[in-house]
Structure formats: C-alpha cells, structure tokens
C-alpha cells in the first residue's frame, strides 16, 4: 500500500486552491501550509482532508473548506496584537492557525457565548461558520472598532462577510459567495405571525 504524503497535499492545497482564489496574505498561506489539516478530521477522512469541501467531524460539527477558511482569515486582517474571540473549537484547525499569529485566542462554542465574557474586549471576532443573525451578546464582547468576519446566510446562499463594530452594532458586508457551514445557534428566531 502506498503511503500518503500530507506535506505534498498541503502544498498542493496552497498552490491550487488558496493562491488561485486570491489568498495571498503571507501569514495565512504559511500557516495553512504548515498546520496539518489531516489531524483535525476523522481517520476515515484523512486522505481527503485537503479536498476543497466541508468535512463532517465526529462531534457533529463541520470543518469548513480550506478556501473558505483562508478567505475569512485573510479578510480578518489578523494582527499580532489582536485579542481574538473565535466562535469555534478551542482545539480545532482554525484555532491552531490563529495561534501561529496571535497570543490571545479565546475560543468558545456558539451556544456558550458566556464563556467569552472574561476574555474581552476583543479587537477581532472570527465566526467559523455562517449565521442568519448575530446574538446581541456577541457584540457586547467587542471593542469599539473591532473587526468581525463570518459567514452569512442569505436565502439558499452562504457568503463570507466582514464588518466593524460601532457603538455596539455591526453592518456586515458580504465579499464573496462561499461554502461555509451554518451555525444552528445563530439561526434567525422565528417570528410570531397570526
């Protein structure tokens, strides 16, 4: 049986997926070329870890496509002195990529935002998934002028979006259509209708 060379697969992901999609931020490219994506997926998916698609993880969460992750991180304009709130897995792929760039990364689950209270205010909030609406509590953790990057759900389409917090509010501006998993905890609450 032939062994799999994950380093070659990472290099191919960088060259044929990230760079061809306009991802050229040096730290994003370097980190994604170094962090072993295959270590964050079930054993049955290790050989397909570098395909540009979502992968369902054992805990029911989703590892988003590499291009979506890279574009989100590039749009975030991550700076070494950022205090980052990641809505995602603390021991996940995106968290480990971020830790190669910043010292302070607080990762919390979308349905447990109270865990972020002690770590703020945050200069950057990265949501590793798509939201129909952002909980108001989330914006309360952000510093004035903080950047927020996320996926947004608009009908049947998911897009990546970025915004800046101003006086406790944010207007997200989509910048590209992209596959990114929906976050159930950030679904729009049903409205009461007669």
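Summary table
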item	result
Condition check for residue 132: surrounded by fewer than 16 Cβ atoms within 10 Å (Cβ to Cβ) and in contact with a helix residue (DSSP H, G or I) (Cβ under 7 Å, 6 or more places away or on another chain)	yes
Enumeration of residues in region 5-24 that are farther than 24 Å from residue 177 by Cα and surrounded by fewer than 13 Cβ atoms within 10 Å (Cβ to Cβ)	5, 7, 8
Some residue of region 87-94 being touching a helix residue (DSSP H, G or I) at 6+ places or on another chain (Cβ under 8 Å), touching a residue at least 24 places away in the same chain (Cβ under 8 Å), within 23 Å of residue 178 (Cα to Cα) and part of a helix (DSSP H, G or I)	yes
Matching residues in region 157-180 - criterion: being touching a helix residue (DSSP H, G or I) at 6+ places or on another chain (Cβ under 9 Å), surrounded by 14 or more Cβ atoms within 10 Å (Cβ to Cβ) and in contact (Cβ under 8 Å) with a residue 24 or more places away in the chain	158, 160, 162, 165, 170, 175, 176, 178, 179, 180
Region 25-41 - residue that is assigned to a loop (DSSP other than H, G, I, E, B) and in contact (Cβ under 8 Å) with a residue 24 or more places away in the chain and, of those, surrounded by the most Cβ atoms within 10 Å (Cβ to Cβ)	25
Candidate set from region 42-60 (those that are assigned to a helix (DSSP H, G or I) and in contact (Cβ under 8 Å) with a residue 24 or more places away in the chain); member that is surrounded by the most Cβ atoms within 10 Å (Cβ to Cβ)	46
Yes/no for residue 129 being without any contact (Cβ under 8 Å) to a residue 60 or more places away in the chain and either more than 12 Å from the chain's Cα centre (by Cα) or closer than 24 Å to residue 70 by Cβ (or both)	no
Candidate set from region 136-156 (those that are modelled with pLDDT of 90 or more and in contact with a helix residue (DSSP H, G or I) (Cβ under 7 Å, 6 or more places away or on another chain)); member that is surrounded by the fewest Cβ atoms within 10 Å (Cβ to Cβ)	141
So residue 107, is it surrounded by 14 or more Cβ atoms within 10 Å (Cβ to Cβ) and either part of a loop (DSSP other than H, G, I, E, B) or touching a strand residue (DSSP E or B) at 6+ places or on another chain (Cβ under 9 Å) (or both)	yes
Number of positions in region 157-194 that are at pLDDT below 90 and on the phi > 0 side of the Ramachandran plot	1
Subset of region 79-101 [crowded, with 17+ Cβ neighbours inside 10 Å, within 20 Å of residue 33 (Cβ to Cβ) and over 12 Å from the mean Cα position of the chain (by Cα)]	101
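The values are calculated or read from the model by the stated rules, or taken from the named source; none is laboratory data. Quantities reported herein were computed from a predicted structural model and do not represent experimental measurements. Cβ: placed from backbone, ideal geometry, glycine included. Neighbour counts: every protein chain shown.
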